[in-house]
Amino acid sequence: MAKVAVIGFGLVGRLAALMLAKTHQVSVFEQGDANTVDSAGTLAAAMLAPLAESVICEADLAEQGLAAIPLWQGVLAELDLPVMFQQAGTLVVAHQQDRGDLHNFIRRLKPLAGHSAQSLNQTDIATLEPELAGRFSQGVYLPCEGQLDNLAFYAASFKTLKRLGVQFHFHTKVNIDGNQVGNDTFDWIVDCRGIGAKAQMQGLRGVRGEVARIYAPEVTLNRPVRLMHPRYPIYIAPKPNHEFVIGATEIESQDAGDVTVRSTLELLSAAYTVHSGFAEGRVLALRAGLRPAFDDNRPKVTRDGALIRINGLYRHGFLLAPLVVKNALTEVML
Ligand SMILES: Cc1cc2nc3c(=O)[nH]c(=O)nc-3n(C[C@H](O)[C@H](O)[C@H](O)COP(=O)(O)OP(=O)(O)OC[C@H]3O[C@@H](n4cnc5c(N)ncnc54)[C@H](O)[C@@H]3O)c2cc1C
């Protein structure tokens, strides 16, 4: 059995370990503890939004994202705990004063293999999301999109990998050097360190994102809702038990420090304008993190002997990683 070291137990590291654990002897090295709070994937909304993201990325990436959504079902089916996954589309709305932004957004949507956006009037919006009835006069529905519960995925993947015999080395910050990790030699090393690989991967940068996680028992939404906003599109992604991820800022900064007052005010007031039930919601977490990205905001896989690096998933890690990681590991899996 080939020995594989997976460095970094974030989103990419978990998917890599899951894809290899049954057929390889896998060791995971992670600088943090089992909660991996430094992983960008722990604060992500985990939306699978190829159509909405096609506005800001190339068509081929959006197509890959669309193709990757069914792969998630295969990944989640193998896990020891259930993980909320849905493909019930995304609703995009705008307040009257931001209608121009909505039209601009619709104009920039790229056609994706038979999947397109559907224009909605007030009645259509109320049918999709009854609690938003009367709040928005127009919107657009992106039926092919989905989302999953990132925290449930993190918990379930850890449990499953332990059961499959993967060896874990937490509190272990690795500087990759040949095919050695510490005193151990591996047949393959898979570098999944996200922004932690910045010193070794030229051009890798962090793109700051801030989110709030709210418990709002007075709010029920059936799918992610995006709100056009003058500074950045805001989304509200409903997770199980009336929890909502509200995000996200996008700031060209390497600063992973605490969420600012300005961002908190913007995110939470925008959510309140969508649904007044957020007023009595409880703030479970306000978090900031860095999306690992290259200059072109596209993922990059490199191979140097036994070392495979997978990085630059930017704001599309959940969308693209099942496909990117699977392709990156083709040779390892032979
Ligand atoms: C606010 C926000 C919202 C997002 N929303 C979405 C979304 O809705 N949909 C979507 O598709 N994507 C989203 N993303 C993007 C997604 O979260 C990232 O693309 C993804 O997490 C990147 O995965 P990764 O494994 O490369 O990095 P990470 O998830 O950051 O994991 C890297 C891991 O490596 C560890 N590590 C680093 N250095 C070392 C070292 N030297 N030794 C050992 N371990 C190390 C870290 O501790 C960490 O656990 C969002 C990101 C943010 C920040």
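Read the figures in this text as sums done on the coordinates, not as results from a lab. Since the structure is predicted, the reported quantities are computational estimates derived from the model, not experimental observations. A quick note on method: Cβ atoms are made from the backbone with ideal geometry, for glycine too, and the neighbour counts reach across all protein chains shown.
A few remarks follow.
- Put in line by how crowded their Cβ is, counting other Cβ atoms within 10 Å and starting with the fewest, 110, 162 read 162, 110.
- Between residue 108 and residue 304, the contour length at 0.36 nm per residue exceeds the alpha carbon distance by 66.8 nm.
- Euclidean distance between Cα centres, the stretch 105-161 to the stretch 288-322, Å: 25
- Environment charge at residue 30 (Cβ cut-off 11 Å; Lys +1, Arg +1, Asp -1, Glu -1): +1
- Surrounding net charge for residue 151, when Lys and Arg each add one and Asp and Glu each subtract one, Cβ distance under 14 Å: +3
- Coupling constants for the stretch 147-152 follow from the phi torsions by the Karplus curve (6.51 cos²θ - 1.76 cosθ + 1.60, θ = phi - 60°), and in residue order they are 6, 9, 8, 4, 5, 5 Hz; glycine and proline get x.
- Taking 141, 272, 314 and counting other C-beta atoms within 10 Å, the order from fewest to most: 272, 141, 314
- For the stretch 290-299, 3J(HN,Hα) computed residue by residue from phi via the Karplus equation (6.51, -1.76, 1.60; θ = phi - 60°) reads 10, 7, x, 9, 9, 4, 8, 6, 10, x Hz, glycine and proline entered as x.
- The ranking of 158, 168 by Cβ neighbour count inside 10 Å, starting from the fewest, reads 168, 158.
- Per-residue [θ]222 nm for the chain (sum of -39500 (n - 2.57) over DSSP H runs n ≥ 4, rounded to 500): -8500 deg cm²/dmol
- Across every pair of non-identical alpha carbons in the stretch 3-328, the mean reciprocal distance, once inverted, gives a Kirkwood radius of 20.3 Å.
- Computed from Cα atoms, the angle from the helix 317-328 axis to the main principal axis of the chain rounds to 30 degrees.
- Bridges between two residues of the stretch 3-328, per DSSP, are antiparallel at a rate of about 70%.
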